[in-house]
Amino acid sequence: MNPTPDTEGKKERTKEVLDARFEFRLSKAEKQLIAEKAKLAGLKPNEFVRRAALGIEVKERMPADLRRFVGGVANNLNQLTRLANSGKLNAASGADLGFIAKALMKFIQS
């Protein structure tokens, strides 16, 4: 019997060594703008500039208030799912699901 290695069928992730430096000048306003955009994306400024220069799409992270709201909704849905799986979900709880879905859509659209 041949044992299979743990990595079989999985992509091997290797971290690229960033050992070269590239320096350039920019205005204070440009530096501030890059820092703000990097923060919104959850990146350090150097990683933000590197990705942008290489044509890698840089997306803004989900705003903190939306993350909290979605986390709360996910928690409520998880609790309702547990109730449904245990047979304890009643019609009133089902109506709660509709309310939660509508509230989430309203928040996202605002």
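Results, tabulated for the structure shown:
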{"quantity": "Label-point gap, in nm, between residue 25 and residue 106 - each point 7 angstrom along Cα→Cβ", "calculated": "5.5"}
{"quantity": "Sites matching GluC sites (Glu not before Pro) across the range 11-86 that sit in DSSP coil, with at most 16 neighbouring C-beta atoms within 10 Å", "calculated": "12, 16, 23, 57, 60"}
{"quantity": "Set of lysines with alpha-carbon distance to residue 15 below 22 Å, sequence-local pairs under 8 removed", "calculated": "44, 59"}
{"quantity": "Burial ordering of 17, 49, fewest other beta-carbon atoms within 10 Å first", "calculated": "17, 49"}
{"quantity": "The range 18-74: chymotrypsin sites (Phe, Trp or Tyr not before Pro) falling in loop per DSSP and having at most 15 other Cβ within 10 Å", "calculated": "22, 24"}
{"quantity": "Qualifying trypsin sites (Lys or Arg not before Pro) in the range 31-70, DSSP loop, other Cβ atoms within 10 Å at most 13", "calculated": "59, 61"}
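Values quoted throughout were computed directly from the atomic coordinates according to the rules given, and no laboratory measurement underlies them. What you are looking at is a predicted structure, and each value in this text was computed from that prediction instead of being measured. Glycine gets a Cβ as well: all are built from the backbone with ideal geometry, and neighbour counts include every protein chain shown.
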